[in-house]
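These notes are about the structure you will find just below.
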Amino acid sequence: MSEVSEQQEKLRVVVADDQAAVREPLAAVLGLADDIDVVAAAADGTEVLAAVAAGPVDVVLMDLRMPVMDGIETTRRLGEQYPQVAVVVLTTFADDESILGALGAGARGYLTKNAGRQDITRAIRAAAAGQSVLDREVQDRLLATVRTTATASPAARPALPADLTPREREVLALIGRGLPNRGIAEKLFISEATVKTHINNLFAKADIPDRAAAVRRAIEAGLA
């Protein structure tokens, strides 16, 4: 019997990269995972949209710099036309413009191409579950950018909801410091499942759409 439960469908993934030398091996490697089915490989954004339209698709692993339609514009259009499809960026670029552009367009994850197969598959699973995964370098740059913005505009700091529990505030603070779910679990001596529950609760209470926004709120609230 397969390691994947018969009742559990595989995650349907589209791999998008304009370089065949990257796209094809990546699709082959991801296809080895028991719970991932690479349903299409695309060389540009128009091919991504066509693959998703032919669907169904759960996650797009998206390069940013592609011809015809780049990754940021493709991510934006996916959010408008297929909001149920999650996007994880996989790119060589980790500059502020690329990071903020992709996350602002709706990407749930952002990895650099230094990421290993386990990092990529973990990000795909997290994105499909509505969670965000950011590469450590990306987290550091995002934190620096948000801290600079928050310092420059100290008056624009929205208060956190009064019904956040002390534990939820702790979790938010640790997200703001760049810790992944596993790191938060180890820090607080709780399970990753419990961390996810706290994150889901605090995101709902504070109207936080994703992890990047959570980092911003934590810093703005003075928690990180």
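Of Ala128, Ala214, Ala115, which is the most mobile in a GNM of the chain whose springs link Cα atoms less than 10 angstrom apart? Highest fluctuation of the listed residues: Ala115.
Considering only Thr91, Thr197, Thr121, the Gaussian network model of the chain with Cα springs below 10 Å gives its largest mean-square fluctuation to Thr197.
Remark: the range 65-80, residue by residue, has Karplus-estimated 3J(HN,Hα) of 8, 10, x, 6, 9, 7, x, 5, 5, 5, 4, 4, 5, 4, x, 7 Hz, where x stands for each Gly or Pro and the curve is 6.51 cos²θ - 1.76 cosθ + 1.60 at θ = phi - 60°. Amide H contacts of Val133: Gly109, Tyr110, each under 5 Å away and 5 or more positions distant or on a separate chain (H built 1.01 Å from N in the peptide plane; Pro and chain starts excluded). The residues of the chain have, on average, 48 Å² of accessible surface per residue, using a 1.4 Å probe with all protein chains present. Amide H contacts for Ile36 (H built 1.01 Å from N in the peptide plane; partners 5 or more residues away or on another chain; cut-off under 5 Å): Leu11.
When peptides 188-196, 164-172 are ranked by their average number of other Cβ atoms within 10 Å per residue, the highest-first order is 164-172, 188-196. Here Ala204 and Gln84 are evaluated by their C-beta separation; at R0 = 30 Å the FRET efficiency comes out at 0.95. Using the Cβ-Cβ distance between Asp140 and Ala162 with R0 set to 45 Å, the FRET efficiency works out to roughly 0.90. Once the C-beta distance of Thr197 and Met69 is scaled by a Förster radius of 41 Å, the resulting FRET efficiency is 0.65 to the nearest 0.05. Which residue, Val22, Val133, Val85, tops the fluctuation ranking in a GNM of the chain built on C-alpha contacts under 10 Å? Of the options given, Val22 has the highest mean-square fluctuation. To put it simply, the accessible area of the chain at a 1.4 Å probe is 50 percent carbon and sulfur. When restricted to Cα atoms, the range 1-115 yields an Rg and a Dmax of 13.7, 46 Å, respectively.
The values are calculated or read from the model by the stated rules, or taken from the named source; none is laboratory data. In this text, all values refer to a predicted model and were calculated from it rather than measured experimentally. Neighbour counts are summed over all protein chains in view; Cβ atoms, including those assigned to glycine, are modelled from backbone coordinates with ideal geometry. Side chains included, ligands, DNA and RNA excluded: accessible areas come from the protein's heavy atoms. Shrake-Rupley method; radii C 1.70, N 1.55, O 1.52, S 1.80 Å.
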